[in-house]
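Read through the structure below, which is laid out as C-alpha cells, and then see the notes.
Each value in this text was obtained by applying a stated rule to the coordinates, not by laboratory testing. Everything numeric here is computed off the predicted structure, so don't read it as measured data. Glycine gets a Cβ as well: all are built from the backbone with ideal geometry, and neighbour counts include every protein chain shown.
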Amino acid sequence: MKRILIFGLLVFPLVLSADFFWVTVMQQGSPLGSQMILANGKFDNLRSEIEAGWSEGYAVMDLSHAPRRWNVVMSRGSGVSEQLIMHRRILREFQSTVAYYETRGYVLENVENGVGEWVAIFNRAGSGERSRLFVAQSLEALRTQLASIDHKERFIKDIEPAEGRWIAVTGEDGKEHTQFLRFAETWEEAQREIAKAWQKRYNIKCLEYGNNTWVLLFEKYDHFRKERYISATTYPLLQQRIRRYWKEGFKIIDLAESRR
C-alpha cells in the first residue's frame, strides 16, 4: 500500500450499556485471504498498525465504531493496491472532500460514523470504476434516491445510518450485480430477513445499525457462499468466536454494533 491520509480523531469514553452487542458477518468461500482486526480507543493510535498492514499486503476492508473502541478489519487477497483514509467532522466538508478524491482517481468504498466524525475508505480506481455518495435526511428520501439509479450499471456498496441522516455509497465497475435492500426495527426482525434471503441464495453484503434501524444489503454471487453471523455482548467473546470461524475458513464480511 502506498498512501494514507488520516487526520486526528478524538474519542470520548463512554460506558457500554447492558443491551449493547456486536454482530459480525462471516463468509466461507470468499476470495479474501488471511485477516486481522485492529482495535483501539482512538483511531489515530491505529495509524502505524494500518500502515504496517499495508506494507504486508493487507487492505482495509471495513471500519466499525462502538463506544470506546474503533475496529479495523484488514485482509489479504483483496486485489487492492492503494488505499486512502480520510475523515471530516462537518458532513458538507466530508462530501466535498469525497468529491475531490474521486476526481483524483480514487473510488469511495466504505463510510463509517463515530464520535461526530465521518470516516471514508478509498481505493485507487481500476479501469471503469466509479463511485457516488448519496446523502438523505430520511429513510424514505434514501429509498427515493436509490430507486433513481440504473441498477444495471450501478450497485450499492455501503449504507451508513447516523446522526439522523442516511448515507449510501454506490459504485460502477462494469460487472453485473443482483442486489436488494431490507430494513428492520429489531435484531429479531433482521434475523428473519437474513433467513429469507439465504433461502433465495442471496449473501449478506452489508449489515448496519443506526437511527434505530437495521439496514441489510443482500447480493447474489456466481454461487451461494456459506455464511454465519455471530453476536456477542463482550469484545473478548466476539474475538473468541471470530477466531473459531477463521479456523473453519470463514472471512469477515462486515462488522456492526447495536442496542437491543
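Treating each Cα of region 20-259 as an identical point scatterer and summing with the Debye formula, the log10 of I(q)/I(0) at q = 0.15 Å⁻¹ comes to -1.11. With point charges of +1 on the Cβ of Lys and Arg and -1 on the Cβ of Asp and Glu, referenced to the Cα centre of the chain, which listed residue (253, 123, 146) lies farthest in the positive direction of the dipole? Of the candidates, 253 comes out farthest on the positive side. Rounded to the nearest Hz, the phi-derived 3J(HN,Hα) couplings of region 158-168 under the Karplus curve 6.51 cos²θ - 1.76 cosθ + 1.60 (θ = phi - 60°) are 7, 9, 10, x, 6, 6, x, 10, 10, 10, 10, where x marks glycine and proline.
Given +1 at the Cβ of Lys and Arg, -1 at the Cβ of Asp and Glu and no other charges, the dipole of region 20-259 around its Cα centre is 540 debye to the nearest 20.
In sequence order, region 210-227 has phi-based couplings of x, 6, 6, 9, 8, 10, 10, 10, 10, 9, 9, 9, 4, 8, 6, 9, 4, 10 Hz under the Karplus curve 6.51 cos²θ - 1.76 cosθ + 1.60, θ = phi - 60°, and Gly or Pro positions carry x. Put simply, the amide H of residue 34, placed in the peptide plane, has neighbours under 5 Å in 76, leaving out anything fewer than 5 places away on its chain.
Of the cross-linked pairs 42/175; 175/196; 42/196; 175/251, those separated by over 27 Å at the C-alpha level are 42/175; 42/196. Relative contact order of region 20-259: 26 percent, from C-alpha pairs under 8 Å at least 6 residues apart in sequence. Less than 5 angstrom separates the built amide H of residue 232 from those of 22, all sequence-distant by 5 or more or on a different chain.
Between the amide H of residue 82 and those of 124, distances stay under 5 Å, these residues lying 5 or more places away or on another chain, with hydrogens modeled in the peptide plane. A straight line joining the Cα centroids of region 204-235 and region 30-103 runs 19 Å. For region 13-87, a crude dipole built from +1 on the beta carbon of Lys and Arg and -1 on the beta carbon of Asp and Glu, taken about the Cα centre, is about 160 debye to the nearest 20.
3J(HN,Hα) couplings calculated from phi for region 24-35 with the Karplus curve 6.51 cos²θ - 1.76 cosθ + 1.60 (θ = phi - 60°) are, in sequence order, 10, 8, 10, 10, 9, x, 5, x, 5, x, 4, 10 Hz; Gly and Pro show x.
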